[in-house]
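Note sheet for the following structure.
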Amino acid sequence: MRLPSEIEQARDVAQKEIVETRLALIKEIQAMRRDVKSELDQTITLLDRHLTKIDEVRVTEFRDEVALIRSDISNSLDHVNESLNHINELVDNTNHAVELLTPQTLGLVAAAKVTAGETAQAMREVPAIVGNVKQTTANVTQITKPSRWYVKIGRMIAPVFGGWLLGKL
């Protein structure tokens, strides 16, 4: 039967899409992690530069530099927190999408099964319908055969009509 293979294909396509979506989200999360790591590396590089300056600076300048470093770290930490919040949101959205897609996929499979069952039931009834149509066609053909009713009507009308015609001539 063709219908179950279509069901299998639909299920396979849905599963592939779920896997592809997950992989895409994982790639996006990995890219975000690389971005965060890059920013942290830049922050570390910035810190290293600031720390080398600390050795050369007086105590008062040291305090100013520490404040600047704290500001940079605070900004970076805020950005990292925002990135992590975005990652968590993406994970939540992915989980929600999978939760929403699963019942729809199951519904699609169930609908396909119902359709397959109804088709099978209809196919079981087709031979009986074909038999009834054949018998009805044979009956109509038998009833409407010209030789039967034309001949009968001709035999009934011929004596009357023939006598009338002879009287006119």
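The values are calculated or read from the model by the stated rules, or taken from the named source; none is laboratory data. Computed from a prediction, not measured in an experiment: that's the story for all the values here. As a convention, Cβ positions derive from the backbone with ideal geometry for all residues, glycine included, and neighbour counts pool all protein chains shown.
Tabulated data
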| item | result |
| --- | --- |
| Failed condition for THR43, given (1) more than 31 Å from the chain's Cα centre (by Cα); (2) modelled with pLDDT of 85 or more; (3) under 30 Å from PRO4 (Cβ atoms) | (3) |
| SER71 vs. criteria free of Cβ contacts under 8 Å to residues at least 40 places away in the same chain, assigned to a helix (DSSP H, G or I), in contact with a helix residue (DSSP H, G or I) (Cβ under 8 Å, 6 or more places away or on another chain) and closer than 30 Å to LEU47 by Cβ | no |
| Set GLU82, GLU20, GLU89: member being modelled with pLDDT of 85 or more and under 21 Å from the mean Cα position of the chain (by Cα) | GLU20 |
| Identity of the residue in segment 105-129, free of Cβ contacts under 8 Å to residues at least 60 places away in the same chain and closer than 19 Å to LYS16 by Cβ, that ends up surrounded by the fewest Cβ atoms within 10 Å (Cβ to Cβ) | GLY107 |
| Segment 93-129, residues that are touching a Leu at 6+ places or on another chain (Cβ under 6 Å) and not aliphatic (A, V, I, L, M) | THR94 |
| From the options ARG34, ARG11, ARG70, ARG49, residue that is over 18 Å from the mean Cα position of the chain (by Cα) and either modelled with pLDDT under 85 or within 30 Å of ALA116 (Cα to Cα) (or both) | ARG49 |
| Segment 4-48, residues that are surrounded by 13 or more Cβ atoms within 10 Å (Cβ to Cβ) and of a type in the set (Ser, Thr, Tyr) | THR21, THR43 |
| Hey, ALA14 part of a helix (DSSP H, G or I) and farther than 30 Å from ALA120 by Cβ or not | no |
| Residue check, GLU61 modelled with pLDDT of 80 or more and among the acidic types (Asp, Glu) | no |
| Options ILE29, ILE87: the member that is part of a helix (DSSP H, G or I) and closer than 30 Å to ALA10 by Cβ | ILE29 |
